[in-house]
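Peer 1: Submitted below is the structure of interest, expressed as C-alpha cells.
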Amino acid sequence: MSSKEKWNARYRAAAGDLKASQVLNENLHLLPANGRALDLACGLGANAMLLAQQGLEVDAWDIADVAVAALQAAAFKRQLPVHAVVRDIEAQPPEPDTFAVIVVSHFLARDIIPSLIQALKPDGLIYYQTFTQQRVSDRGPQGAQYRLADQELLQLFSGLQVVFYREEGHIGDVQQGFRDEAMFIGKKLVGSTGEGHCES
C-alpha cells in the first residue's frame, strides 16, 4: 500500500471534527494579525481552519486527496480563506521566503526541515508538535524513526529563536501533564538564514 493509499484509508475512517494541535490552540496570541500561513501535512485541516479564523490566508497541503477534499468542503461551507491542495510534501517542499506562519502537527520528515526554515519570511513563526520516543502510552507511530529523540526539535530548528518549547518525558506524575509529544515555536530572525542542524 502506498503512503497516499494508507492515509486515504485512515481519513475515510476518521469521524467528526478533529481538534487543532495544542501548540497552536494555546498560542494563538503569538500569530501575526495577517499574512500567509501553511498547514503542512494538514490532514482534515483543523489547524488550517483555526488559522483562517484568525484572519490569515491559509494554504493546506496533504498527500491524501480524501482529506483535502473534506477540508475544501468544510472551508467552503464556513467561507474561510483556505486553499487546500494535494501535494507530496517530501517531493515538493515549500518555496523559500513564502510564509509568515507554518504549522506542522503529527508529521516528521527530517529531510525537509531546512526547506521549512527557508520557507519562513523574516520574523516568521513555525509551530511544530509531534510524538517523542519517550512515551507513556501507545499513541502515535510505533517506529522510532517517526518519533523525536530527546529535545530533537531544538536541534532541528537550532537556527531559529526559541519562542516556546515543552517536552515532559517521564518527569514526575506521568498520569498528568503533556506526555508522548513535544511542541515548539520558533521565530526566524530578520537577516538570518535560519539554517539549523539536521540529521536524517
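Peer 1: List the lysines whose Cα lies under 17 Å from the Cα of Lys121, skipping any in the same chain that are fewer than 8 positions away.
Peer 2: Here the lysines satisfying the reach criterion relative to Lys121 are Lys187, Lys188.
Peer 1: Sort Leu50, Leu71 so that the residue with the fewest other Cβ atoms within 10 Å of its own Cβ comes first and the one with the most comes last.
Peer 2: Leu50, Leu71
Peer 1: Which helices of the chain meet both criteria: a Cα extent of 15 Å or more along the helical axis and a mean Kyte-Doolittle score no lower than -1.0, with helices taken as whole DSSP H segments?
Peer 2: Helices meeting the span and hydropathy rule in the chain are 65-78.
Peer 1: Could you pull out every one of the lysines with an alpha carbon less than 23 Å from that of Lys4, ignoring same-chain neighbours closer than 8 positions?
Peer 2: Within the straight-line cut-off, Lys4 pairs with Lys19.
Peer 1: If we count other beta carbons within 10 Å of each Cβ, what is the order of Thr98, Thr130, fewest first?
Peer 2: The order, fewest Cβ neighbours first, is Thr98, Thr130.
Peer 1: So in region 54-200, what percent of DSSP beta bridges are antiparallel if you round to the nearest 5?
Peer 2: Within region 54-200, antiparallel bridges account for around 50 percent of the total.
Peer 1: In addition: In whole Hz and in residue order, list the ³J(HN,Hα) couplings for region 144-153 that follow from phi through the Karplus curve 6.51 cos²θ - 1.76 cosθ + 1.60, θ = phi - 60°; x for Gly and Pro.
Peer 2: Once θ is set to phi - 60°, the couplings for region 144-153 become 4, 5, 9, 10, 7, 6, 4, 6, 5, 4 Hz.
Peer 1: Given a cut-off of 15 Å, what percent of all Cα-Cα pairs of region 63-149 lie beyond it?
Peer 2: In whole percent, the share of Cα-Cα pairs in region 63-149 beyond 15 Å is 68.
Peer 1: From the Cα gyration tensor of the chain, with a ≥ b ≥ c the square roots of its eigenvalues, which class applies: rounded if a/c is under 1.5, or else prolate if a/b is larger than b/c, or else oblate?
Peer 2: Rounded is the answer for the chain, as its axis ratio a/c remains below 1.5.
Peer 1: If I take R0 = 41 Å and measure r between the Cβ atoms of Lys4 and Gln175 in this structure, what FRET efficiency does the formula 1/(1 + (r/R0)^6) give, to the nearest 0.05?
Peer 2: For R0 = 41 Å, the calculated efficiency reads 0.65.
Peer 1: If each of His29 and Glu57 carries a label point 7 Å out from its Cα toward its Cβ, how far apart are those two points in nm?
Peer 2: Using points 7 Å along Cα→Cβ, the separation is 2.9 nm.
No lab work stands behind these numbers, since they all come straight from the coordinates. Here the structure is a predicted model, which means the values were calculated and not measured. Neighbour counts run over all protein chains shown; Cβ positions are idealised from the backbone, glycine included.
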